[in-house]
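Each value in this text was obtained by applying a stated rule to the coordinates, not by laboratory testing. This is a predicted model, so every value here is computed, not measured. Quick reminder, even Gly has a Cβ in these numbers, built from the backbone with ideal geometry, and neighbours come from all protein chains shown.
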Amino acid sequence: MKIYLNEKEVEVNSNISLLDLKKIYSPEAGIYIYNGYHITEDVKLSENDSVVFIKKGEVPDKDKLEAMIVARHTPQVHKKIKNSTVGIAGLGGLGSNVAVSLARMGIGKLVLVDYDIVEPSNLNRQEYFIDQLGKYKSKAIEEILNKINPYVKYETHDEKVKQNNIKDLFSECDIIVEAFDKPETKAMLIDYVLNNMDKYIVAASGMAGYESSNTIKTRKIGKLYICGDEETEARPGQGLMAPRVSICANHQANQVIRLLLGIEEV
């Protein structure tokens, strides 16, 4: 029968168990990931099961490390998304958090666009570090992402997104993530993508303050998905803070994954 061992398809005896497989392929392994779940007991394997064996303390080669990074995913997810390209327009509180989640998921390629630099006021909610202050956000997030998952391809652009460069920046992307602060810039990108590129776009609106986490949701309008509560925008007395911004960003990241897996429902 066919199973997936370290993300590679192999043929095995139909009566084989997890520990039998370990004896054959990785006798020194101390960690077993079975269909995305860490187990300690033996189980009989079935067709299309996914197994990853990890030897504690071992520095694996590239193929093994990539398999280990995605071992805790739902089986076969990585196989479906690793050939996908996602564009992120804006790398602040939303975009930097979306980028980290998608890198951990093992997206094939991320196109990262932002013209701004890392400033001290960004550190309360964005995925940057003090020693990156003054760096372009696109380069700073690329440094971080390479430390998380070096097997994703990263393409960076230190430029402002304008109507006349959207197609050049994002033409190869399967999905575009809108992660801007200003309403007019959000509207410009969404309008252009929906009317000129016929692509999915995952946007955000309403994640300021410390209101209930449960008011943040995802809404579908054709090929546009809006994440947030669509009400609590940043204003005097209601700032942007890490918890709700991160919740909204991960609504966006999760919707991207769902779309790449062919799931259009929210």
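Considering only the other residues whose Cβ falls under 10 Å of the Cβ of L110, what net charge follows from Lys and Arg at +1 and Asp and Glu at -1?
0
Give the aspartates and glutamates whose C-alpha is closer than 15 Å to that of K23, dropping any in the same chain fewer than 8 places away, or say none.
Result set, ordered by chain and number: E41, D42.
Quick check: pseudo-label points 7 Å beyond the Cα along Cα→Cβ at T185 and T40, how many nm apart are they?
Roughly 5.0 nm, to one decimal.
Does anyone have the angle between helix 242-260 and the longest principal axis of the chain? Alpha-carbon axes, 0 to 90°, nearest 10?
Orientation of helix 242-260: about 60 degrees from the principal axis.
Tally Lys and Arg at +1 and Asp and Glu at -1 over the other residues with C-beta under 10 Å from the C-beta of N6: what net charge comes out?
Here the count lands on -1.
Percent of Cα-Cα pairs per 10 Å bin, from 0 to the last occupied bin, for segment 2-75, please list those.
The distribution over segment 2-75 is 20, 60, 19, 0, given as percents.
Starting from the alpha-carbon convex hull of segment 163-266, give the projected area averaged over all orientations, in nm².
6.7
Assuming a ≥ b ≥ c are the square roots of the Cα gyration tensor eigenvalues, decide whether segment 91-248 counts as rounded (a/c under 1.5), prolate (otherwise, with a/b larger than b/c) or oblate.
rounded
Give, in nm to one decimal, the length gained when the segment between N124 and E233 is fully stretched (0.36 nm per residue of separation minus the Cα-Cα distance).
37.6 nm
D116 versus D168, label points 7 Å from Cα toward the beta carbon: distance in nm?
Once both label points are built, they end up 2.3 nm from each other.
How large is the charge dipole for segment 65-208, taken about the Cα centre, if only the Cβ atoms of Lys, Arg (+1) and Asp, Glu (-1) carry charge, to the nearest 20 debye?
500
Could you give me the percent of Cα pairs per 5 Å distance bin for segment 52-133, shortest bin first, beginning at zero and ending with the bin that holds the maximum distance?
3, 13, 19, 17, 15, 14, 12, 6, 1
Using the Kirkwood formula on the Cα atoms of the chain, what hydrodynamic radius do you get, in angstrom to one decimal?
19.9 Å is the Kirkwood radius here.
Just to confirm the number: angle between the C-alpha axis of helix 137-148 and the first principal axis of the chain, 0 to 90 degrees, nearest 10?
10
Would you list, by chain and number, the aspartates and glutamates whose Cα falls below 20 Å from the Cα of K8, excluding same-chain residues fewer than 8 positions away?
Hits, sequence-local ones excluded: D20, E28, E47, D49, E58, D61, D63, E66.
If the reach is capped at under 24 angstrom between alpha carbons, list the lysines near K217, excluding any in the same chain fewer than eight residues apart.
Output for K217: K182, K186, K199.
For the chain, with only Lys/Arg (+1) and Asp/Glu (-1) charged at the beta-carbon, what is the dipole magnitude about the Cα centre, in debye rounded to 20?
My answer is approximately 220 debye.
Calculate, for L133 and K220, the FRET efficiency according to 1/(1 + (r/R0)^6) with r their C-beta to C-beta distance and R0 35 Å; round to the nearest 0.05.
Step by step, r from the Cβ atoms, then E = 0.35.
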